[in-house]
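The values are calculated or read from the model by the stated rules, or taken from the named source; none is laboratory data. This one's a predicted model, so the numbers in the text were calculated from it and none came from an experiment. Neighbour counts are summed over all protein chains in view; Cβ atoms, including those assigned to glycine, are modelled from backbone coordinates with ideal geometry. All accessible areas refer to the heavy atoms of the entire protein, side chains included, with ligands and DNA or RNA removed. Shrake-Rupley method; radii C 1.70, N 1.55, O 1.52, S 1.80 Å.
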Amino acid sequence: MNGNITVLITGVTRGLGRAMAEEFARLGHTVVGCGRSEKEIAELRARLDKPHDFVVVDVASDDEVKAWAGEVLRSHGVPSLLVNNAAVINRNARLWEVSAGDFSQVLDINVKGTVSVIRHFLPAMIKAGHGVVVNFSSGWGRSTDAEVAPYCASKWAIEGLTQSLSQEVPAGLAAVALNPGIINTDMLRSCFGGSASSYPTPERWAKAAVPFLLKLGPNDNGKQLTAPGG
Ligand SMILES: NC(=O)c1ccc[n+]([C@@H]2O[C@H](COP(=O)([O-])OP(=O)(O)OC[C@H]3O[C@@H](n4cnc5c(N)ncnc54)[C@H](OP(=O)(O)O)[C@@H]3O)[C@@H](O)[C@H]2O)c1
């Protein structure tokens, strides 16, 4: 991608989303992002001033995403890079011990939230004739482990829907699934416990991953990628 671009990132309040927002901004790009935590969004707004733009949006609400897309497309135009990063993981538990509500939450955010963002932003990208959609997958979108079945189901779904989407987007656009690697975030601490601290920090990861994301283009459509740095 050439010049300074507008990057849309979901889940910017902490972890990889936050680190990507900081790194894209540091490199001179405009970052538009969302998350549910009001305090962190307010802090981010204070830290990364206009033209950057951060708002409280729950991607699991199609109505909230729709309203956000309307605002963003009006005030920032069409993003060149759409990063579907927001996700949650179930508390470690065997599948039959996961409540219906907890299972739904993982699917509502990780899968349906990603699709809502695509539903409300991609038509404008198609009209503009360019843009890259990066759907965050996981090692657990390509392999499995015990006690994370809801999360695995959501990330295997991300891989499948991204492949299908890549067969639908017109020339000039791309949809890719990205396994970020293994990085020491709240999410990793939730499933790995104390051993998460032996993995890289999100800030260190973003230094390698952001330039990698900026190089993506139409030729990458349909790829199942793994980010450097994790
Ligand atoms: N860390 C790893 O090693 C690793 C490995 C493989 C894949 N991944 C993937 O990488 C991505 C980022 O993970 P992470 O480790 O940075 O996780 P994290 O530290 O738990 O951060 C998740 C982010 O998503 C946001 N989020 C969650 N639910 C949301 C919702 N309904 N609406 C809007 N934002 C929401 C959270 O903000 P709020 O709580 O404020 O909403 C937070 O900013 C995820 O897709 C994850 O599956 C991570």
Qualifying residues in the range 157-167 (those that are open to solvent by 10 Å² or more (accessible area, probe 1.4 Å) and among the aliphatic types (A, V, I, L, M)) - the one nearest to Gly15 (Cα to Cα)
Ala157
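Working carefully through the options Pro218, Pro200, find the one that is open to solvent by less than 30 Å² (accessible area, probe 1.4 Å), over 18 Å from the mean Cα position of the chain (by Cα) and farther than 25 Å from Asp108 by Cβ. Explain how you work it out, then say what you get.
On the way: Pro218 fails: open to solvent by less than 30 Å² (accessible area, probe 1.4 Å).
Exactly one of Pro218, Pro200 is open to solvent by less than 30 Å² (accessible area, probe 1.4 Å), over 18 Å from the mean Cα position of the chain (by Cα) and farther than 25 Å from Asp108 by Cβ, namely Pro200.
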Single unsatisfied condition, Arg18 versus (1) open to solvent by 60 Å² or more (accessible area, probe 1.4 Å); (2) among the basic types (Lys, Arg); (3) within 16 Å of the ligand (Cβ to nearest atom)
(1)
Residue list for the range 43-67, filter: more than 10 Å from the ligand (Cβ to nearest atom), buried (at least 23 other Cβ atoms within 10 Å of the Cβ) and farther than 11 Å from Val12 by Cβ:
none
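Return the residues of the range 70-80 that are of a type in the set (A, V, I, L, M, F, W, C) and crowded, with 21+ Cβ neighbours inside 10 Å; say none if nothing qualifies. Don't jump to the end; show me each part of the working.
Taking the range 70-80 as the starting set, the residues that turn out to be of a type in the set (A, V, I, L, M, F, W, C) are 72-73, 78.
The one that is of a type in the set (A, V, I, L, M, F, W, C) and crowded, with 21+ Cβ neighbours inside 10 Å: Val72.
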For the range 24-42, which positions are open to solvent by 10 Å² or more (accessible area, probe 1.4 Å), touching a strand residue (DSSP E or B) at 6+ places or on another chain (Cβ under 9 Å) and either more than 8 Å from the ligand (Cβ to nearest atom) or of a type in the set (A, V, I, L, M) (or both)?
Ala25, His29, Thr30, Glu38, Ala42
Val7, sole failed condition from (1) closer than 26 Å to Gly230 by Cα; (2) within 12 Å of the ligand (Cβ to nearest atom):
(2)
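Among the residues of the range 168-187, which ones are over 19 Å from Asn135 (Cβ atoms) and surrounded by 17 or more Cβ atoms within 10 Å (Cβ to Cβ)? First the steps, then the outcome.
As a first pass, look at the range 168-187 and keep what is over 19 Å from Asn135 (Cβ atoms): 171, 184, 186.
Asn184 - this is the single residue of the range 168-187 that is over 19 Å from Asn135 (Cβ atoms) and surrounded by 17 or more Cβ atoms within 10 Å (Cβ to Cβ).
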(1) out of contact with any Pro (no Cβ under 6 Å at 6 or more places or on another chain); (2) surrounded by 20 or more Cβ atoms within 10 Å (Cβ to Cβ): which one isn't true of Ser99, the others all being true?
(2)
Please enumerate the residues belonging to the range 74-96 that are touching a Pro at 6+ places or on another chain (Cβ under 9 Å) and among the β-branched types (Val, Ile, Thr).
Ile89
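Out of curiosity, is Val106 in contact with a Leu (Cβ under 8 Å, 6 or more places away or on another chain), within 15 Å of the ligand (Cβ to nearest atom) and modelled with pLDDT of 95 or more? Walk me through it before giving the result.
Numbers: in contact with a Leu (Cβ under 8 Å, 6 or more places away or on another chain): no; within 15 Å of the ligand (Cβ to nearest atom): yes; modelled with pLDDT of 95 or more: yes.
Here the answer is no, as Val106 does not meet what is asked.
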Within the range 175-215, the count of residues that are away from the ligand (no atom under 11 Å from the Cβ) and farther than 19 Å from Gly141 by Cβ comes to 13
